[in-house]
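What follows is a set of notes on a single structure, which appears directly below.
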Amino acid sequence: MRILLVEDDRPLAEALTALLARAGYAVDCVADGVSAEALAAAESFDLVILDLNLPELDGLSVLRAMRGRQNPAAVMILTARGTPEERVRGLDLGADDYMSKPFDVGEFEARVRSLLRRQAGLRSSSLSLGAITLDLVSRQFSAGGQMLDLPARERALLELLFTRAGKVVAKEVIVQSLTSLDDMLSDNAIEQYISRLRRRLAPHGVVLRTARGIGYYIEKGPGQ
């Protein structure tokens, strides 16, 4: 999942970027409204975390421009300006959630997970395929009651495929979802992750298949 963080408070921006990256999200961060509007128009994000009090262009203007272009990304407003009137304006303009500073980190992480589940059209708290279960709250995989120990990038890739089980996920979508603008993810790297995941999934009744020239998809193995 890819997130755009728009925050001009550098210490807070750095802390939130690190927090989200540790959770396995690809994060791009900008500090002003003009850059935010341009990046949201040029790139695909699952979630935009948007401060209101920004230099050059305020957050509500960024939100208005995004929704004017029918940008489907979920938007969480995160700001010290928390009057009821501003909440109403933000929600009316198309924000999906609103948190006031200062905030509890645990609640922030929970709201991010909730917005991303809703964005993916997932209403259950878990998904199962073969013998593997994905807990959508903890974002952890298990098989037979045992946690699957996956490196962060492999876990993020499997989560992307798992939430779209049976559907082909294009390589371009994988790159957009798993990397920020500062990252590089080559076709060879993707193929290596896919190869490792195939070996991990095979004993648990899940098959990872290639749609030649397009991308990849997962499904139950034969007899499952």
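The values are calculated or read from the model by the stated rules, or taken from the named source; none is laboratory data. The structure presented is a predicted model; accordingly, all values stated were derived computationally and were not measured. Note: ideal-geometry Cβ built from the backbone for every residue, glycine included; neighbour counts use all protein chains shown. Side chains are part of the model used for accessible areas, which takes the heavy atoms of the whole protein and leaves out ligands, DNA and RNA. Shrake-Rupley method; radii C 1.70, N 1.55, O 1.52, S 1.80 Å.
Points to keep in mind about this one:
- Scanning the range 93-112 for residues that are modelled with pLDDT under 90 and outside any loop (DSSP other than H, G, I, E, B) gives a single hit, SER100.
- Residue within the range 155-163 that is farther than 27 Å from ALA73 by Cα, open to solvent by less than 10 Å² (accessible area, probe 1.4 Å) and part of a helix (DSSP H, G or I) present: no
- The residue list GLY90, GLY121 contains one member that is over 17 Å from the mean Cα position of the chain (by Cα) and either on the phi > 0 side of the Ramachandran plot or surrounded by 13 or more Cβ atoms within 10 Å (Cβ to Cβ) (or both), which is GLY90.
- Restricting the range 167-191 to residues that are modelled with pLDDT of 90 or more and either in a loop (DSSP other than H, G, I, E, B) or polar (S, T, N, Q) (or both), the residue that is surrounded by the fewest Cβ atoms within 10 Å (Cβ to Cβ) is LYS167.
- Residue in the range 50-66 that is part of a strand (DSSP E or B) and in contact (Cβ under 8 Å) with a residue 24 or more places away in the chain present: yes
- Every condition in (1) open to solvent by less than 30 Å² (accessible area, probe 1.4 Å); (2) in contact with a helix residue (DSSP H, G or I) (Cβ under 9 Å, 6 or more places away or on another chain); (3) more than 30 Å from LEU157 (Cβ to Cβ); (4) of a type outside the set (A, V, I, L, M) is met by ASP32 except one, and the failing one is (2).
- Within the range 106-116, being exposed (fewer than 11 other Cβ atoms within 10 Å of the Cβ) and either within 16 Å of LEU47 (Cβ to Cβ) or β-branched (Val, Ile, Thr) (or both) holds for one residue alone: GLU107.
- Odd one out for THR83 among (1) farther than 15 Å from LEU5 by Cα; (2) in contact (Cβ under 8 Å) with a residue 24 or more places away in the chain; (3) surrounded by fewer than 17 Cβ atoms within 10 Å (Cβ to Cβ): (2)
- A Cβ distance below 7 Å, combined with a sequence gap of six or more or placement on separate chains, defines the contacts here; from the range 99-118, residues that are over 17 Å from PRO11 (Cβ atoms) reach residues that are of a type outside the set (S, T, N, Q) and in a helix (DSSP H, G or I) in the pairs MET99/PHE108; MET99/ARG111.
- The residue of the range 1-29 that is surrounded by the fewest Cβ atoms within 10 Å (Cβ to Cβ), among those that are of a type in the set (Gly, Ala, Ser) and touching a residue at least 60 places away in the same chain (Cβ under 8 Å), is ALA23.
- Counting only residues that are without any contact (Cβ under 8 Å) to a residue 40 or more places away in the chain, hydrophobic (A, V, I, L, M, F, W, C) and not in a loop (DSSP other than H, G, I, E, B), the range 124-141 holds 3 of them.
- Residues that are more than 24 Å from VAL169 (Cα to Cα), assigned to a loop (DSSP other than H, G, I, E, B) and out of contact with any His (no Cβ under 9 Å at 6 or more places or on another chain) are absent from the range 13-27 altogether.
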